[in-house]
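Engineer: Next up is a structure, given as structure tokens.
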Ligand SMILES: [Zn+2]
Ligand SMILES: [Zn+2]
């Protein structure tokens with residue numbers, strides 16, 4: 001028997017029954033483990049040591065994207081809008097304002113002295 005990802009993916013019921021035997025002590029030597037796919041989060045039964053995804057072709061990339069997203073979200077800490085003072089979660093590392101309106105307001109505020117309000121088209 002060749003253990004491979006695709007086979008495991010198509011034989012989850014069988015692996016689940018093996019896992020049940022392992023946990024119940026009926027056959028504790030079985031190598032099967034239960035993991036949660038890092039891509040879709042569902043339960044997956046596997047005998048492959050390095051297994052992280054239900055099917056790498058299906059979820060490998062997704063899991064990576066998700067991790068990246070989490071890491072980015074973590075790096076992005078809430079900051080205070082320089083126009084209205086509200087706390088907001090910046091969508092970009094250099095964001096200073098909570099929304100476009102505030103950004104435009106701040107921009108207008110800083111330039112209207114010089115060009116007396118002729119900046120609407122620059123937003
Ligand atoms: Zn998955
Ligand atoms: Zn604001």
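Engineer: For a footprinting-style exposure proxy, rank 64, 56 by other Cβ within 10 Å, fewest first.
Structural biologist: Numbers: 64 13, 56 16.
Placing the least packed residue first, the sequence is 64, 56.
Engineer: For segment 5-73, what size does the Cα cloud have along each of its three principal axes, sorted from largest down, in whole Å?
Structural biologist: Principal extents (Cα only, largest first): 45, 22, 17 Å.
Engineer: Quick check: pseudo-label points 7 Å beyond the Cα along Cα→Cβ at residue 40 and residue 77, how many nm apart are they?
Structural biologist: Result: 3.8 nm between the two label points.
Engineer: Taking the convex hull of the alpha carbon atoms in segment 53-109, what volume per residue do you get, in Å³? If you can, show how the numbers build up before the last one.
Structural biologist: Numbers: hull volume 4.9 nm³, N = 57.
Here the figure is 87 Å³ per residue.
Taken together, the values in this text are just the output of simple stated rules run on the coordinates, not laboratory data. Remember, predicted model here, so these are calculated numbers, not experimental data. Heads up, the Cβs are rebuilt from the backbone with ideal geometry, glycines too, and the neighbour counts pull from every protein chain shown.
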